[in-house]
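What follows is a set of notes on a single structure, which appears directly below.
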Amino acid sequence: MKKRRKPKLAVWKFASCDGCQLSLLDCEDELLTVVGAIDLAYFPEATRAVLKGPYDLSLVEGSITTQHDAERIHEVRRASKYLVTIGACATAGGIQALRNFKNVKEFISVVYASPEYISTLSHSTPISYHVAVDYELRGCPINKLQLVEVINAFVNQRKPAIPSHSVCVECKMRGNVCVMVARQTPCLGPVTHAGCGAICPAYDRGCYGCYGPMEAPNAHSLGNHLVQLGMKSEDISRVFRTYNAFSDPFRQASEIHEK
């Protein structure tokens, strides 16, 4: 009997902190199962061994912030049967997308002693702005078990079983008291994608939106409710501008309240 070829997995890094790649390494026991089912063909964070493409599945972490990366992502796409973006940087531009709301040249002149040596794009953009993406896994960082599920799904050619509901559902499942209703605490839970297990509300803090917008969020309505809770417009704009600032729903809600 002919031995079945194991699918090739490649993990690519663009502008990011490496946290989402580390989530895969943090899988520990689950990682052993993953490695048994696939070939880690390209993963510099874990191994120096490199297998040539094409790759059955590519996981891409990080946003596009330089012209070089804008060209390199097309090479990754051509070498990949399926391409999945992982984390807030790859799916929404990341914290570095805060540059998109200002003049990046002003930042460079303030931060760097020799700005003439810095070559960067004016915007930090998600991978989907440049190439076709087969699936987006949100989070900052991503949920490691969700990542294993995504790898499993694509290796077995099925749809990932990742919930699309909000953090509010996770609060209900955990038995949390709603901090916004009971304590008038500003919270992005109603518009944020599930995945964290509602950690912040469990400790009486509002959700910060680490997992980005849920499916079909009404961020504009939530922004109006935050006004009723007494938040100033500039604070509402800031609360939507964190890890997922350039995701369309959060960006639009922030711009409405920007002065």
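The set of residues in the range 54-97 that are part of a helix (DSSP H, G or I), in contact with a Lys or Arg (Cβ under 9 Å, 6 or more places away or on another chain) and over 23 Å from LEU22 (Cβ atoms) is empty. Number of residues in the range 1-53 that are within 19 Å of VAL76 (Cβ to Cβ), outside any loop (DSSP other than H, G, I, E, B) and among the acidic types (Asp, Glu) equals 1. Applying the criterion of being of a type in the set (A, V, I, L, M) and in a loop (DSSP other than H, G, I, E, B) to the residues of the range 162-211, the residue that is surrounded by the most Cβ atoms within 10 Å (Cβ to Cβ) is LEU188. When the criteria are applied in full, LEU229 fails the requirement of being over 17 Å from THR85 (Cα atoms) and touching a helix residue (DSSP H, G or I) at 6+ places or on another chain (Cβ under 6 Å).
Within the range 44-75, being of a type outside the set (A, V, I, L, M), under 21 Å from the mean Cα position of the chain (by Cα) and modelled with pLDDT under 95 holds for PRO44, GLU45.
The values are calculated or read from the model by the stated rules, or taken from the named source; none is laboratory data. What you see is a predicted model; the values in this text were computed from it and never measured. Glycine gets a Cβ as well: all are built from the backbone with ideal geometry, and neighbour counts include every protein chain shown.
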